[in-house]
């Protein structure tokens, strides 16, 4: 059993046209930069991408949109992205918008073997249309199903050869949830260490959820909204 | 806002006869020793206790059983405990046995605001009797409801004045789940530090879930099955 | 004179209580953090996975791994904790967050809120707003009383697609502070120099005026 | 000669494959850890919150915070990870654990298992067994073929309260290795010196004997 692969190209080698893939990150924070670049190089297309956001025009998932590799986005917020908007309006791109907590919880459900979960988010709104509703203690909930994805691609701060992962600050976000939810989970990390190099009490994603791991290179870690204190 | 209390007696001051309380721990590992001792001193009775196990005759929840303080136990396994068995057979004590994963998940559901969850555990067995069943992808699941508890009492390794908690090794078990599930959550810790004394990336229970915290004393940490290597 | 955005934030800050865990939405709500009253402590939650938001970083100290839900670079305070998005919305759904402040395009007299979608315009998504409004124990809306055309945004019924139903508890606009009650918007305070008549005129939904209405003071 | 408990464990260990994550129940299953074949790596899961169980500690090195699901003091291996009980059963329910080995009082020819309750006796509880059998992709039962009275424990129908239905895939007893198939127990191997007739006699449920049955070798 060896989970360690050489690089992003090897990690994503078998991702195919039409696959459903999850990509961790919130905005441009904690996104799997190396794997996105490899997916662009590979040119795989007709992908369904489950990711909270869709990147910006020239970074993150935006790079895959530029190459018309994405058939459908499942996201909670698809911000400032002109190419995204163009493809959406022209009908080239399908978009399914779902509440952010529902997105997170549907990943959790997959990782925890729960086929569906109840959430109040969207009750009484168009999000509830066509969905099964149920009342608990007088409050309305939607039944939301666990995601199914061929691949989950996540970015962590540190990882070990067993696939254990630790995230840094708010770069954690959806990464540990998607790591649990993929049929095959690929992790790129800033620092890859040997087994025993991480504190077992501080691991966010146990290695059982991770199938392939590699140490990424040349992280740009672009900041979307640089904001500083007035002095 | 000050979450820090002086000791266990102050922490459990308002627990009343008939309350539903959750107690963390697996076997005798990671149990809130100080609070159990304080509950025995206070003599509060007719308690419903949600805890994976019921302690042994002279330690853990067993101490509360000796004083006839427990009306009902909700557990997955009630091991070697003669007084427990006596009270059960005599009808003094009610016991509801539920699968361990269901116990854990019903705590998680409470902490995550999910009114109910689906689990396959117990399908086709007497555990499913009277419960709502539902099939997802051809597999049978039981609908299990989130726990409601007046108090959750947990034991952590380290905690800070904000109520953030870190557990050690397998003493984690049900503690972080119950910490999220109590209407009021009381945490006893081996080491209480100031805000800023814990690594924010390594916190298992964020302080928002914890209402009272104190540094416990005189931990015995009894071992139930001392097992060593044959040399 | 109508309140400035800063004054709306300042007025909302008076609703904070010691020990509150608070989620502040993007825009005016974010400004509330600048006006936390002396002597009380609140902990700010960011739904992307943080309890304990600190001030914006000093120039040059920006950390790309540390952002708020508006994707702005931030810092943390001592005692902060990071967690994943499922736990973040878990604590929101479980009612552990004491107060949510967010903006709105429209609010109805029943407390319905619309703030995510305008038909005919590019829809960017609801982000975490639907989870927040469906779950929060206490929601205060920060908004301008009327739209740029001068039309009321406090309505009998929302005309825009809803974000959540019967969830808003209190509204602070540039003109007034109002509670959402079973019988409609209840006027509590006026902005300095704003007449009850002006508020009546600019409130399309049912407005209750319980006698004398004090002016806000800052 | 019937297998010893150690030999049952040793035979089960041959089912392990490189990279397997395995949950071993209390009793005979725990012994499987002693016979992991050379050249393959398996990671042992403990449902109280650990991946990467190591050997029992040396005398004097026992750590009360570090126990297995049988409440025994243990150690960890490099690369281990701790987690809470919800995640532990989450990974079990999600099918991430490749193999579960557990004991049984009875198994039916349909793969039903009973191992938690005997009517009339003090019931200690199912612990994690119901979650494991309801969720595991692959379940091997380690058991003695007959009870102390000599009665078969491999039955047409279980007589004891069930732990799970149609879940057992393979059984290793002191007498035989059997697969649970759609048509009943399929005999795969015999213990050294044990005849097919003896196995037939001691198997109450439907037994399929597909021609020559090899003896196990150790």
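Things to note:
- Condition met for residue A:83 (surrounded by 16 or more Cβ atoms within 10 Å (Cβ to Cβ), at pLDDT below 95 and more than 14 Å from chain D (Cβ to nearest Cβ)): yes
- For residue B:123: the one exception among (1) free of Cβ contacts under 8 Å to residues at least 40 places away in the same chain; (2) within 14 Å of chain C (Cβ to nearest Cβ): (2)
- Output for region B:89-110, where each listed residue is within 8 Å of chain D (Cβ to nearest Cβ), in a helix (DSSP H, G or I) and modelled with pLDDT of 95 or more: B:100, B:101, B:102, B:103, B:104, B:105, B:107, B:108
- Taking the criterion of being over 16 Å from residue A:185 (Cβ atoms) and surrounded by fewer than 18 Cβ atoms within 10 Å (Cβ to Cβ), the residues of region A:1-36 that qualify are A:6, A:7, A:9, A:16, A:17, A:18.
- Considered as a group, the residues in region B:162-175 that are under 12 Å from residue B:208 (Cα atoms) and facing another protein chain (nearest Cβ under 7 Å) include one that is surrounded by the fewest Cβ atoms within 10 Å (Cβ to Cβ), and that residue is B:162.
- Matching residues in region D:160-205 - criterion: being in a loop (DSSP other than H, G, I, E, B), away from chain B (no Cβ under 14 Å) and either free of Cβ contacts under 8 Å to residues at least 24 places away in the same chain or crowded, with 17+ Cβ neighbours inside 10 Å (or both): D:169, D:173, D:174, D:175, D:182, D:191, D:194, D:195, D:202, D:203, D:204, D:205
- Among the residues of region B:48-66, none qualifies, meaning not one is over 21 Å from residue B:127 (Cβ atoms), in contact with a strand residue (DSSP E or B) (Cβ under 8 Å, 6 or more places away or on another chain) and assigned to a strand (DSSP E or B).
- Which numbered condition residue B:116 fails, given (1) away from chain C (no Cβ under 14 Å); (2) surrounded by fewer than 19 Cβ atoms within 10 Å (Cβ to Cβ); (3) at pLDDT 95 or above: (1)
- Residue satisfying all of: in region D:24-43; closer than 15 Å to residue D:140 by Cα and more than 11 Å from every other protein chain (Cβ to nearest Cβ); modelled with the lowest pLDDT among these: D:27
- With respect to (1) more than 8 Å from every other protein chain (Cβ to nearest Cβ); (2) more than 25 Å from residue C:125 (Cβ to Cβ), the lone exception for residue C:55 is condition (1).
- Matching residues, region B:46-80, being facing another protein chain (nearest Cβ under 9 Å), without any contact (Cβ under 8 Å) to a residue 60 or more places away in the chain and in contact with a helix residue (DSSP H, G or I) (Cβ under 8 Å, 6 or more places away or on another chain): B:53, B:75, B:76, B:77, B:78
- Residue in region C:127-138 that is more than 18 Å from the chain's Cα centre (by Cα), under 21 Å from residue A:99 (Cα atoms), crowded, with 24+ Cβ neighbours inside 10 Å and within 14 Å of chain B (Cβ to nearest Cβ) present: no
- Taken over region C:95-113, the criterion of being buried (at least 24 other Cβ atoms within 10 Å of the Cβ) and touching a helix residue (DSSP H, G or I) at 6+ places or on another chain (Cβ under 9 Å) is satisfied by C:97, C:100, C:101, C:102, C:113.
- Residue match in region A:176-195 (condition: on the phi > 0 side of the Ramachandran plot, more than 14 Å from chain D (Cβ to nearest Cβ) and either touching a helix residue (DSSP H, G or I) at 6+ places or on another chain (Cβ under 9 Å) or crowded, with 24+ Cβ neighbours inside 10 Å (or both)): no
- Residue list for region A:196-231, restricted to those being away from chain D (no Cβ under 14 Å) and on the phi > 0 side of the Ramachandran plot: A:218, A:221
- Selection within region B:29-45 - within 14 Å of chain D (Cβ to nearest Cβ) and either at pLDDT below 95 or part of a helix (DSSP H, G or I) (or both): B:33
- Total residues in region C:72-94 satisfying the condition of being in a loop (DSSP other than H, G, I, E, B), surrounded by fewer than 23 Cβ atoms within 10 Å (Cβ to Cβ) and at the interface with another protein chain (Cβ under 7 Å from one of its Cβ atoms): the figure is 1.
- Selection of region A:126-157 for residues being more than 20 Å from residue C:90 (Cα to Cα), buried (at least 22 other Cβ atoms within 10 Å of the Cβ) and within 14 Å of chain D (Cβ to nearest Cβ) yields A:149, A:152, A:156.
- Among the residues making up region B:1-28, those that are in contact with a helix residue (DSSP H, G or I) (Cβ under 6 Å, 6 or more places away or on another chain) and assigned to a helix (DSSP H, G or I) are B:8, B:9.
- Note on region D:26-61: among residues that are farther than 21 Å from residue D:10 by Cα and buried (at least 19 other Cβ atoms within 10 Å of the Cβ), the one that is nearest to the chain's Cα centre (by Cα) is D:47.
- Listed here are the strands (runs of 3 or more DSSP E) enclosed by region D:1-55 that have at least 3 residues being touching a residue at least 60 places away in the same chain (Cβ under 8 Å): D:21-24.
- Screening residue B:57 with (1) at pLDDT 95 or above; (2) within 22 Å of residue D:127 (Cα to Cα); (3) surrounded by fewer than 22 Cβ atoms within 10 Å (Cβ to Cβ) gives one miss only, at (1).
The values are calculated or read from the model by the stated rules, or taken from the named source; none is laboratory data. Just so you know, these numbers come straight off a predicted model, no measurement behind them. No Cβ is skipped: glycine too gets one built from the backbone with ideal geometry, and neighbour counts run over all protein chains shown.
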